[in-house]
Each structure stands twice: as C-alpha cells, then as structure tokens.
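What follows is one structure encoded as structure tokens, with my remarks underneath.
The values are calculated or read from the model by the stated rules, or taken from the named source; none is laboratory data. Quick caveat: nothing in here was measured; it's all calculated off a predicted structure. All Cβ positions, even for glycine, are placed from backbone atoms using ideal geometry, and neighbour counts span all protein chains on display.
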Amino acid sequence: MGHIMTASPASRAVTRLETVLRILAGVFVLGALLYQVGPIWSRTAGFFQTLPFVSNSIVKVSLLLGICLYAAGDLIRRKGWC
C-alpha cells in the first residue's frame, strides 16, 4: 500500500507564517512608495510637510520590509524547524 505524505502541523504553520510575512512585505512596499510620492503629489503635499519625519518613515517602512522578506526566506533551512 502506498503511503500518502501529509504535511505536518509545523510545516503548515511555517508556510502560513511565510505567506503572512510576504503579504506584510507587499504592504510595506506600498507604504514606502506612498511616503516617497506623498510630498510630490499636490493633493497630499500638505500632509507630508515635515520632511525629516517623512524620510525617517521611509527608512522605518523599508527596514520592516527587509525584515519580513528575510524572515520569510527559508525558515526551515535557517532555523532547523520541522
């Protein structure tokens, strides 16, 4: 009889975590683009008046983006899970 390979609960959790982290990375890409385009676009220029805060926000969102992509990379190989 053939054995059917089913994913362990841990590997399903890792896959779910990777998916959530990649979705968050996409949200952070959109956030970084919004922070960069915001001061240029005339309708939102008043909202982005204080440029030091805008530049710090771009750095913050880009750092979170990098962390999400790094963490979603290959958790099993990097941490030895599953």
Q. Within the chain, which helices (runs of 4 or more DSSP H) (wholly inside it) include 1 or more residues that are modelled with pLDDT of 85 or more and of a type in the set (S, T, N, Q)?
A. 9-37, 51-72
Q. Restricting the first residue to region 35-46 and requiring it to be touching a residue at least 24 places away in the same chain (Cβ under 8 Å), which pairs with a second residue that is among the aliphatic types (A, V, I, L, M) and surrounded by 11 or more Cβ atoms within 10 Å (Cβ to Cβ) meet a Cβ separation below 9 Å and a spacing of at least six or different chains?
A. TYR35/VAL54; TYR35/ILE58; TYR35/VAL61
